[in-house]
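Report on the structure given below.
Since every read-out is calculated from the coordinates, none of them should be taken as a lab result. Not measured: the values here are computed from a predicted model. Here the Cβ positions follow ideal geometry from the backbone for every residue, glycine too, while neighbour counts run over all protein chains shown.
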Amino acid sequence: MALALSSAGNPTLDAAPAPGLGPAGMAGSKAWAKARPAALAGFAGSPAQGAEVRALWNKDWLFFAFSCFDRSVVSPGERDGLDHFRLGDTAEVFIAPRGLKSYAEIHATPAGRKTLYFCSDYRRPAPAPDGAARVRVEAVRDDDRGWRVFVAVPRVLIAAGDEAAYDVFLARYDYEAVDAPPVLSSFPAQRGDKPDFHRRADYAVLRLNP
């Protein structure tokens, strides 16, 4: 049953068209220049290092690119599938079919590692759907400024029906050192008693621009 999990007043993330683009070409695509960036903000207005995200789309793929200023890149996880957000710097894409309870959570690191989580409802784990193995992550380090990471999501991963409408939430765990407490930031910004990246009412609407 469809649910009103976000409102028409939620922020939007505009995705620019990138016809024919696939994961192999995402990092170097000129289409990123057409995508309007959205800035991540620290929880409840707290200070956070600068980061922004852009989105692209075509009939087969959704793409996300994080650009993260970072004085100290911390990325000790050496393989996919780890809880990288507990270990070091991590960019996170939460994506859901608009109006449905299910959603995917994709984590990407400055080392180009990834971890996928899936939920059938709020924080309720679900098996990986068809298409999960096709998710791709590519990272680029910039020692003067920080790091960038690109995430390719096959649209078959998220069954959004005929309208192909999506809710998204973009987040960052930023560590200054291993075992230091991370600074959390996100788009849209969150407020409240504590951060909760699974809170669907806070998600943005992904707008697929023609």
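Quick check on my filter: what residues within the range 17-54 are assigned to a strand (DSSP E or B) and either within 16 Å of the chain's Cα centre (by Cα) or loosely packed, with under 14 Cβ neighbours inside 10 Å (or both)? Show your work before the answer.
Here is the first cut: in the range 17-54, the ones assigned to a strand (DSSP E or B) are 17, 38-39, 41-42, 51-54.
Ala38, Ala39, Ala41, Gly42, Ala51, Glu52, Val53, Arg54 - these are the residues of the range 17-54 that are assigned to a strand (DSSP E or B) and either within 16 Å of the chain's Cα centre (by Cα) or loosely packed, with under 14 Cβ neighbours inside 10 Å (or both).
Selection of first residues in the range 178-199 that are touching a residue at least 40 places away in the same chain (Cβ under 8 Å) and over 19 Å from Leu13 (Cα atoms) and of second residues that are surrounded by 15 or more Cβ atoms within 10 Å (Cβ to Cβ) and of a type in the set (Ser, Thr, Tyr), restricted to Cβ pairs under 6 Å at least 6 apart or on distinct chains, gives the following pairs, ordered by first then second residue: Pro182/Tyr173; Pro182/Tyr175. Inspect the range 108-126 for any residue being under 23 Å from Lys34 (Cβ atoms), buried (at least 21 other Cβ atoms within 10 Å of the Cβ) and within 16 Å of the chain's Cα centre (by Cα) and give the result as yes or no. For the range 108-126, residues under 23 Å from Lys34 (Cβ atoms), buried (at least 21 other Cβ atoms within 10 Å of the Cβ) and within 16 Å of the chain's Cα centre (by Cα): present.
When Gly77 is tested against (1) among the small types (Gly, Ala, Ser); (2) part of a strand (DSSP E or B); (3) surrounded by 20 or more Cβ atoms within 10 Å (Cβ to Cβ), exactly one condition is not met: (2).
Checked against the criterion of being touching a residue at least 24 places away in the same chain (Cβ under 8 Å), farther than 23 Å from Lys194 by Cα and touching a strand residue (DSSP E or B) at 6+ places or on another chain (Cβ under 6 Å), the range 84-97 has no qualifying residue.
Taking the conditions (1) crowded, with 19+ Cβ neighbours inside 10 Å; (2) in contact with a helix residue (DSSP H, G or I) (Cβ under 9 Å, 6 or more places away or on another chain); (3) in a loop (DSSP other than H, G, I, E, B) in turn, Asn10 satisfies each one other than (1).
Examine the range 55-66 for a residue that is assigned to a loop (DSSP other than H, G, I, E, B), of a type outside the set (D, E, K, R) and surrounded by fewer than 16 Cβ atoms within 10 Å (Cβ to Cβ), and state whether such a residue exists. There is no residue in the range 55-66 that is assigned to a loop (DSSP other than H, G, I, E, B), of a type outside the set (D, E, K, R) and surrounded by fewer than 16 Cβ atoms within 10 Å (Cβ to Cβ). Of all residues in the range 96-113, those that are closer than 14 Å to Ala128 by Cβ and out of contact with any helix residue (DSSP H, G or I) (no Cβ under 8 Å at 6 or more places or on another chain) total 3.
Candidates are the residues of the range 80-99 that are aliphatic (A, V, I, L, M) and more than 15 Å from the chain's Cα centre (by Cα); the one that is surrounded by the most Cβ atoms within 10 Å (Cβ to Cβ) is Leu87.
Look through Ala152, Ala164 and report the one residue that is touching a Leu at 6+ places or on another chain (Cβ under 8 Å), part of a loop (DSSP other than H, G, I, E, B) and either aromatic (Phe, Trp, Tyr) or closer than 25 Å to Pro97 by Cβ (or both).
Details: Ala152 fails: part of a loop (DSSP other than H, G, I, E, B).
None of the other options fit; the residue is Ala164.
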